[in-house]
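Data first, discussion second: the structure below is written as structure tokens.
The values are calculated or read from the model by the stated rules, or taken from the named source; none is laboratory data. Here the structure is a predicted model, which means the values were calculated and not measured. Backbone-built Cβ (ideal geometry, glycine too); neighbour counts: all protein chains shown.
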Amino acid sequence: MKIKQILSTILVVLWMITIFNFSQQQGTRSSKTSQKISRIIIGICDMKKDISQEEKENLVIVLEPIVRKLAHYFIYMIGGMLIINCLYVFGVRRYVSIYSSIIGIIYSITDETHQLFVNGRSGSIHDVLIDTIGILTGIVMFFLIQKMMNMLINSRQRRKID
């Protein structure tokens with residue numbers, strides 16, 4: 001195996017392990033993590049220190065589910081890019097978007113199923129849909145980045161010729 005193949009496979013496996021570890025957290029610990037991030041966001045937005053502590057805690061309650069859903073989206077967006085890159089490095093070109101989508105969606109379903117067995121957690125079809133949108137976004141981003149890099153390389157080659 002080539003170094004790119006090994007590295008891209010390791011990155012996909014590390015991504016999967018990261019998701020598994022997040023899903024393994026019990027409900028209270030997972031909520032505390034989301035609340036902590038919500039408090040950081042509120043602190044950044046409250047530069048003038050105009051918001052009372054009570055208002056901040058109410059905002060945390062409102063922000064926490066949004067933070068959780070955005071975390072699903074972004075971690076699966078990264079996964080979409082990693083999965084398609086891995087398949088691409090292994091030479092898969094035909095139907096690579098479909099294969100990448102299927103792998104990502106199946107992993108999302110297994111992740112939500114795993115959460116059914118963790119204390120204080122639940123599996124959600126809604127989360128699978130958010131994860132799927134993240135996977136698809138990651139796949140599109142992969143192609144956009146690839147196209148931009150090709151344009152950059154081509155423009156540099158044209159400059160050398162001129």
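Laid out as a table, the results:
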| read-out | value |
| --- | --- |
| Total residues in segment 112-128, condition within 13 Å of the chain's Cα centre (by Cα) and not β-branched (Val, Ile, Thr) | 1 |
| Qualifying positions in segment 8-25 - closer than 23 Å to Phe142 by Cβ and surrounded by 14 or more Cβ atoms within 10 Å (Cβ to Cβ) | Ser8, Thr9, Leu11, Val12, Trp15, Met16, Ile19, Phe22 |
| Residue match in segment 56-64 (condition: within 30 Å of Asn85 (Cβ to Cβ) and in a helix (DSSP H, G or I)) | no |
| Every pair of residues 6+ apart whose Cβ atoms lie under 7 Å, when the first sits in segment 64-88 and is modelled with pLDDT under 95 while the second is among the small types (Gly, Ala, Ser) | Glu64/Ser31; Glu64/Ser34; Glu64/Ser38; Val67/Ser34; Val67/Ser38; Arg68/Ser34; His72/Gly134 |
| Subset of segment 52-77 [among the β-branched types (Val, Ile, Thr), over 16 Å from Phe22 (Cα atoms) and within 19 Å of the chain's Cα centre (by Cα)] | Ile66 |
| Residues that are farther than 30 Å from Val89 by Cβ, in contact (Cβ under 8 Å) with a residue 24 or more places away in the chain and not aliphatic (A, V, I, L, M), drawn from segment 3-52 | Gln25, Gln26, Gly27, Thr28, Ser30, Ser31, Ser34, Gln35, Ser38 |
| Residues being surrounded by fewer than 19 Cβ atoms within 10 Å (Cβ to Cβ) and within 12 Å of Ile130 (Cβ to Cβ) - total across segment 74-101 | 2 |
| Residue check for Gly104: surrounded by 14 or more Cβ atoms within 10 Å (Cβ to Cβ), closer than 20 Å to Val67 by Cα, under 13 Å from the mean Cα position of the chain (by Cα) and not aliphatic (A, V, I, L, M) | no |
| Residue in segment 91-103 that is modelled with pLDDT of 95 or more, in contact with a helix residue (DSSP H, G or I) (Cβ under 7 Å, 6 or more places away or on another chain), in a helix (DSSP H, G or I) and of a type outside the set (Ser, Thr, Tyr) present | yes |
| Condition met for Val60 (modelled with pLDDT of 95 or more, surrounded by fewer than 19 Cβ atoms within 10 Å (Cβ to Cβ), of a type in the set (Val, Ile, Thr) and touching a Lys or Arg at 6+ places or on another chain (Cβ under 9 Å)) | no |
| Matching entry among Asp50, Asp111 (being in a helix (DSSP H, G or I) and of a type in the set (Asp, Glu)) | Asp111 |
| Hits in segment 114-143 - residues which are surrounded by fewer than 10 Cβ atoms within 10 Å (Cβ to Cβ) and either without any contact (Cβ under 8 Å) to a residue 60 or more places away in the chain or among the hydrophobic types (A, V, I, L, M, F, W, C) (or both) | Ile125 |
